[in-house]
1. Is it the case that residue 253 is part of a helix (DSSP H, G or I), without any contact (Cβ under 8 Å) to a residue 60 or more places away in the chain and touching an Asp or Glu at 6+ places or on another chain (Cβ under 9 Å)?
2. Of the residues 274, 286, which single one is surrounded by 17 or more Cβ atoms within 10 Å (Cβ to Cβ), free of Cβ contacts under 8 Å to residues at least 60 places away in the same chain and not in a helix (DSSP H, G or I)?
3. For residues in region 199-219 being in contact with a strand residue (DSSP E or B) (Cβ under 9 Å, 6 or more places away or on another chain) and assigned to a loop (DSSP other than H, G, I, E, B), which is surrounded by the fewest Cβ atoms within 10 Å (Cβ to Cβ)?
4. Out of the residues in region 324-344 that are over 20 Å from residue 109 (Cβ atoms) and of a type in the set (Gly, Ala, Ser), state the one that is modelled with the highest pLDDT.
5. So, of the residues in region 76-102 that are in contact with a strand residue (DSSP E or B) (Cβ under 7 Å, 6 or more places away or on another chain) and surrounded by fewer than 23 Cβ atoms within 10 Å (Cβ to Cβ), which turns out to be nearest to residue 180 (Cα to Cα)?
6. Considering each residue of region 115-156, count those that are in a loop (DSSP other than H, G, I, E, B), among the hydroxyl-bearing types (Ser, Thr, Tyr) and either farther than 20 Å from residue 274 by Cα or in contact (Cβ under 8 Å) with a residue 60 or more places away in the chain (or both), and give that number.
7. Any idea which of (1) without any contact (Cβ under 8 Å) to a residue 24 or more places away in the chain; (2) within 30 Å of residue 16 (Cα to Cα); (3) surrounded by 15 or more Cβ atoms within 10 Å (Cβ to Cβ) is the one residue 348 doesn't satisfy?
Amino acid sequence: MRALPVSLFDTATPLEPLRERLHAAAAQVLDSGRYILGPEVAAFERELADHLGVRHVVGVANGTDALSLALMGMGVGPGDDVVVPSFTFYASVEAIADLGARPVFCDVDPDTACVTPQAVSAALTADTKAVVTVDLFGNVAPNEEIEALGVPVLEDAAQAIGGSRNGRAAGSFGTVATLSFFPSKNLGAFGDAGAVATDDDAVAERVRMLRFHGSRDKQTFELVGRNSRLDELQAALLRVQLPELDGWAAARRAVAREYAEAGLGELVALPAPVAGAEPAWHLYVVRSAHAEALEAALNAAGIGARRYYTVPVHRQPAMAGVAPGLELPMTDELARTNLALPMSPALQADQVAEVVASVRACASGST
């Protein structure tokens, strides 16, 4: 075993070469006296829009607010149905219920952990107002095919920035897309931060108003909105990191290839990219019939490992009564068998080898 543990996340090492620039960016904001919706936010919105290839990016306080504001911008409200996978982080669904709409849960593909056009089509109702796709674990969902079903799509790209599909960046699909810059994400702030991305001028304008209490000018309030603004300080720090994003994502994909070449697929089921996708691999999530025992054994050996979404959203207490008796067999299978292994653009080949060796040793003891 290694003398030092291999952590599930390593957010510090990739930032080390940027330390001086990050400090300088923070000092510049502090010296400016502009802390809310100033030039750093405006510049970050422009730069990220260019990076994604979209017309508009609207910075907001966090990824959950991005979901709520995007749905509001699409006109979702009480009486509407919104199709959404149950195998996702709770916020993907919470934002729907928060607006008085009804989550309609659909199953996912166990190999990619993403929704499919077939699963979405089976869940559509006469009251469906939108579909929330989730680019889970950094994979990129088949958003274009789902949009072809004729219903507006919100791409929840919180885990996938840096990824792409068919040459388009994750965060550029659907009527609107949402992003999270939580510190552990592929592009991480130093606190909470999020964004809404869209090519729709009307949606962008509505979201800009909604993030500031439904006002354009701080005097007239046309909508009932939120106080959800991206801070100047976070925007400045994100601007320093944005040029590094593509390189970090490429390094994550290289780590995934190294896992496969080291024989990890002989021991567990590896995640499969959606057809045409270049995933960003925010998390590298494998499957094993012995995931719970493997998680415990790896952590005891100093290897970071974690099971995610072991209780799917449709089975959470807050969703009791939303879909009683609903069976989503692939969701349940993933909840039981998934296990995230260390993933970082800074993960070294010897660390990958150590992870695989530890999985091999632990797996032999759990069968």
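1. yes
2. None of the other options fit; the residue is 286.
3. Among those that are in contact with a strand residue (DSSP E or B) (Cβ under 9 Å, 6 or more places away or on another chain) and assigned to a loop (DSSP other than H, G, I, E, B), it is 218.
4. The qualifying residue modelled with the highest pLDDT is 344.
5. Per the criteria, the residue is 97.
6. 1
7. Evaluating residue 348 over (1) without any contact (Cβ under 8 Å) to a residue 24 or more places away in the chain; (2) within 30 Å of residue 16 (Cα to Cα); (3) surrounded by 15 or more Cβ atoms within 10 Å (Cβ to Cβ) leaves (3) as the failure.
Let's see how each residue does on (1) under 23 Å from the mean Cα position of the chain (by Cα); (2) at pLDDT below 95; (3) in a helix (DSSP H, G or I):
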{"position": "3", "(1), (2), (3)": "no, yes, no"}
{"position": "20", "(1), (2), (3)": "no, no, yes"}
{"position": "28", "(1), (2), (3)": "no, no, yes"}
{"position": "49", "(1), (2), (3)": "yes, no, yes"}
{"position": "58", "(1), (2), (3)": "yes, no, no"}
{"position": "75", "(1), (2), (3)": "yes, no, no"}
{"position": "84", "(1), (2), (3)": "yes, no, no"}
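The values are calculated or read from the model by the stated rules, or taken from the named source; none is laboratory data. Fair warning: this is a prediction, and the values are worked out from it, not measured in the lab. All Cβ positions, glycine included, derive from the backbone under ideal geometry; neighbour counts span all protein chains shown.
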